[in-house]
Amino acid sequence: MAECEICGADAALVDVTVAPKTEVAHLCETCAGGIKGEAVPEGHWQALTTSMWSENDAVKVLSWRLLNRYKSEAWASDALEMLYLEPEVEDWAKAAGPEVIHRDSLGAVLSSGDTVVLIKDLPVKGGGFTAKRGTAVRGISLVQDNAGHIEGRVEGQRIVILTEFVKKR
């Protein structure tokens with residue numbers, strides 16, 4: 001058993017290649033799964049505030065990408081402000097871009113084409129109507145640069161919907 005390079009867990013490790021280079025980070029199953037969008041325990045990613053200072057550039061890159069994924073949370077935003085990457089490492093981190101994962105109000109991962117149900121009445125700005133709770137929105141599309149937004153048709157109009165107000169069907 002060895003220590004995960006992100007969370008420090010003493011567990012069996014998996015080698016994760018950090019694209020587009022071939023360098024690896026040695027991570028526990030929880031961190032490796034979390035990078036792919038699987039659920040992790042509450043507060044797990046706060047370990048990034050330590051791992052971002054790693055001497056392993058692959059770990060720095062993963063830390064930067066994950067902090068960007070959660071930058072809407074104060075702790076991640078604060079950590080990003082403190083993080084300094086050498087220019088070549090920063091270019092590497094940005095090369096694959098931060099992966100955007102869309103989740104519904106219950107944490108389920110959303111994909112393009114999914115059907116979601118509204119969990120709250122939502123006034124549609126500029127539409128002149130209210131999208132009612134329980135309305136099924138079929139064939140959603142994901143807003144690529146914002147994990148909190150999806151698009152779908154309600155009453156014949158294409159609208160942007162916040163993911164916090166939907167649940168996957």
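A short reminder: the numbers here are calculations on the coordinates, not readings from a lab. Here the structure is a predicted model, which means the values were calculated and not measured. Reconstructed Cβ throughout: ideal geometry from the backbone, glycine too, with neighbour counts over all protein chains shown.
Using R₀ = 30 Å, calculate the FRET efficiency as 1/(1 + (r/R₀)^6) where r is the Cβ-Cβ separation of SER77 and GLU29; round to 0.05. Efficiency computed from Cβ-Cβ geometry: 0.65.
Dimensions of region 115-168 from C-alpha coordinates, computed as largest minus smallest value along each principal axis and given longest first, are 27, 21, 17 Å. Around the Cα centre of the chain, unit charges on the Cβ atoms of Lys, Arg, Asp and Glu (plus for the first two, minus for the last two) sum to a dipole of about 1400 debye. Could you tell me the calculated FRET efficiency between THR22 and LYS125, based on Cβ-Cβ distance and R0 = 41 angstrom, to the nearest 0.05? Efficiency, from the Cβ-Cβ distance: 0.30.
For the chain, the mean residue ellipticity at 222 nm estimated from helices alone is -7000 deg cm²/dmol, where every DSSP H run of n ≥ 4 contributes -39500 (n - 2.57) and the total is divided by all residues, rounded to the nearest 500. Springs join every pair of Cα atoms under 10 Å in this Gaussian network model of the chain, and among ARG158, ARG65, ARG138 the largest mean-square fluctuation is at ARG158.
Note on region 2-96: with charges restricted to the Cβ of Lys and Arg (+1) and Asp and Glu (-1), its dipole about the Cα centre is near 340 debye.
Across the options ILE140, GLY126, VAL116, the greatest Cα extent toward the positive end of the charge dipole of region 115-168 (unit charges at beta carbon of Lys, Arg, Asp, Glu) belongs to VAL116.
Residues whose amide H comes within less than 5 Å of that of LEU110, counting only those at least five positions distant or on another chain, are HIS102, ARG103, ASP104 (H built at 1.01 Å from N in the peptide plane). You can think of it this way: the chain between GLU3 and ASN146 has 48.2 nm of extra reach, that is 0.36 nm per residue less the Cα-Cα gap.
The distance from the alpha carbon centre of region 1-63 to that of region 72-143 is 22 Å, rounded to a whole number. Relative contact order for the chain: 15 percent, from Cα pairs under 8 Å spaced at least 6 residues apart, divided by residue count.
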